[in-house]
1. Taking interchain pairs and intrachain pairs at least six residues apart, which have beta carbon atoms under 8 angstrom, with the first residue in segment 1-22 and at positive phi and the second at pLDDT below 95 and surrounded by 24 or more Cβ atoms within 10 Å (Cβ to Cβ)?
2. Output the residues belonging to segment 23-43 that are farther than 16 Å from residue 207 by Cα and either surrounded by 17 or more Cβ atoms within 10 Å (Cβ to Cβ) or touching a residue at least 40 places away in the same chain (Cβ under 8 Å) (or both).
3. Wholly within segment 51-150, which helices (runs of 4 or more DSSP H) include no fewer than the required count, namely at least 2 residues that are at pLDDT 95 or above, more than 13 Å from residue 35 (Cα to Cα) and out of contact with any helix residue (DSSP H, G or I) (no Cβ under 6 Å at 6 or more places or on another chain)?
4. Looking at (1) closer than 22 Å to residue 141 by Cβ; (2) surrounded by fewer than 16 Cβ atoms within 10 Å (Cβ to Cβ); (3) modelled with pLDDT of 95 or more, find the lone condition where residue 198 falls short.
5. Give segment 272-284 a look and list any residue that's surrounded by 11 or more Cβ atoms within 10 Å (Cβ to Cβ) and free of Cβ contacts under 8 Å to residues at least 24 places away in the same chain, or say none.
6. Looking only at segment 155-191, count how many residues are closer than 20 Å to residue 232 by Cα and touching a residue at least 24 places away in the same chain (Cβ under 8 Å).
7. In this structure, does residue 165 turn out to be closer than 30 Å to residue 132 by Cβ, in the same structural domain as residue 84 (by TED's automatic domain parsing), surrounded by 19 or more Cβ atoms within 10 Å (Cβ to Cβ) and at pLDDT 95 or above?
8. Here is a check on your reading of the model: is residue 268 closer than 22 Å to residue 194 by Cβ, free of Cβ contacts under 8 Å to residues at least 40 places away in the same chain and in contact with a helix residue (DSSP H, G or I) (Cβ under 6 Å, 6 or more places away or on another chain)?
């Protein structure tokens, strides 16, 4: 049994996947196994995987396309390791000791189930070269850490943890919610932290996140109904109606997406609270703020 199970849900984009696998090859921490689940409609990923068999890589081709969330779960269902590391195929480890340092975070904090690091958000040009001017380092701020420590549900307001590739979790058999596509990472973190609210983190950019407008990202951003439905679903799932900041957030989203009171009344939000928020929203828009 490996100590770390690295899950890679792949969909085409063999060039980015090769960059990720090369970053795994150079890791000083070697007690891992890679679970590569392939949702591609091409053969490039399978051919690439065959060239990296020395990395203790298990390749699985899905019989039919599952979609990003279910494809991730296909890998998560196979893992046997003590720790689970999801890596999206357009991301990679930044340094040779990145995985080691993430493992040490959980090793040094046996009472927590989730660890995360800072990231380097990398913008790639069309030719695959790094655009340094549009790349930047991201890590949790002191204010965000205070928000997370105060109430883990503040992840609903802002994702202070980051992308799944920046996270290492203790293997508790938790899968991703396949009803979600846009907020799937927030839901995943909330369920892990609901079981054990402790976490460990470091601000070093141990993982590089590829800033690419993927088909999934583009389709979500263009679908306001999907974004609103997923926010409403997470709002109900974690009983966020209990606190005013989360109710205000959902009301503001409904207003920004030009949805009426009927869209949120079923989420335990009163008409007068909605009207009060709508009036302030109108005044703010009128004043140009």
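The values are calculated or read from the model by the stated rules, or taken from the named source; none is laboratory data. From a predicted model like this one, the values you see are computed outputs, not experimental measurements. When we count neighbours, we look across all protein chains shown, and the Cβ atoms used for this are built from the backbone with ideal geometry, even at glycine.
1. Qualifying pairs under 8 Å: 13/89.
2. Step one: of segment 23-43, the residues farther than 16 Å from residue 207 by Cα are 30-43.
Those that are farther than 16 Å from residue 207 by Cα and either surrounded by 17 or more Cβ atoms within 10 Å (Cβ to Cβ) or touching a residue at least 40 places away in the same chain (Cβ under 8 Å) (or both): 32, 33, 34, 35, 36, 37, 38, 39, 40.
3. Values: elements: 68-76, 98-108, 142-150.
By residue number, 98-108, 142-150.
4. (3)
5. To start, the set of residues in segment 272-284 that are surrounded by 11 or more Cβ atoms within 10 Å (Cβ to Cβ) comprises 273-278, 280-282, 284.
Matches in segment 272-284: 274, 275, 276, 280, 282, 284.
6. Result for segment 155-191: 19.
7. Taking the combined requirement at face value, the residue satisfies it.
8. Details: closer than 22 Å to residue 194 by Cβ: yes; free of Cβ contacts under 8 Å to residues at least 40 places away in the same chain: yes; in contact with a helix residue (DSSP H, G or I) (Cβ under 6 Å, 6 or more places away or on another chain): yes.
Spelling it out, residue 268 is indeed closer than 22 Å to residue 194 by Cβ, free of Cβ contacts under 8 Å to residues at least 40 places away in the same chain and in contact with a helix residue (DSSP H, G or I) (Cβ under 6 Å, 6 or more places away or on another chain).
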